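Remarks on the structure that follows.
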Amino acid sequence: MNDPKTMSSNEVETLVFKAARGGGLPLGYAEDLATATQYLDLESLTRCPCSGARPDAIAIQTALDFVMAGDAPQTVGADAGLIQAYVAAAQRCWQKRLIWNATATGAVFEKFEDSSPDMSMKQGRRSVQPDLAKHLSEMAAKLLVPETDASRAAGAGAGLTDND
């Protein structure tokens, strides 16, 4: 079955958060990525934002933080759709408009202005391609602790009866 899976925005955000944590992103960066996912066209991703020596999720958020602190311009290389999602989330969060330019491989963030930002619409229910859903689920599963006889003996799990 290669049909896309339809998921709510909250389901996508939660899965991305868990996958980001399973992929090794620090908590704050995983939260930022999950928030940006609200604005992300999942079809625009060409690579996992949690992977690599310097993951896109860290590079984009770090650049935005530097620009917000007045250390600009900042250049970042990442998927255009991911950058747009992060920009939308940052503008909504900080209530400032980001002046930035797209490049062939990413973007240059110039500065935040106190003017009202362009408010992008959040994505609602959407289709997640099977290969992306599988990748995210595999990354999220890395957060799970494997069961052992020792953990069961110590009281982990429901045991023989689950009367909730």
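Computed from the coordinates by the stated procedures, all read-outs in this text should not be read as laboratory data. Treat the numbers as computed from the prediction; the structure is a model and nothing was measured. Reconstructed Cβ throughout: ideal geometry from the backbone, glycine too, with neighbour counts over all protein chains shown.
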For this session: For Lys111, go through the lysines and keep the ones whose alpha-carbon is under 30 Å away, minus same-chain ones fewer than eight residues off.
Result: Lys96, Lys122
For this session: Would you compute the Debye intensity of the stretch 5-144 from its alpha-carbon atoms alone, equal scatterers and no solvent, and pass along log10 I(q)/I(0) at q = 0.12 Å⁻¹ to two decimals?
Result: -0.44
Exercise. Leaving out same-chain residues fewer than 8 places away, which aspartates and glutamates sit with a Cα under 16 Å from that of Lys5?
Worked result: Glu13, Asp41, Glu43, Asp131, Glu138
Seminar exercise, completed: Computed about the Cα centre, the charge dipole of the stretch 5-144 from +1 Lys/Arg and -1 Asp/Glu charges at the Cβ has a magnitude in debye, to the nearest 20, of 380
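Go through 19-25, 43-49, 147-153 and give me the packing order, highest mean Cβ count within 10 Å leading. All intermediate terms of the calculation are to be shown ahead of the outcome.
Numbers: 19-25: 21.7, 43-49: 15.6, 147-153: 9.6.
Answer by packing, highest mean first, reads 19-25, 43-49, 147-153.
Taking only C-alpha pairs under 8 Å that are 6+ residues apart, what is the relative contact order of the stretch 5-144 in percent? Mind showing how you got there, number by number?
Details: 230 pairs, mean separation 47.0, N = 140.
Dividing the mean separation by the residue count of the stretch 5-144 yields 34 percent.
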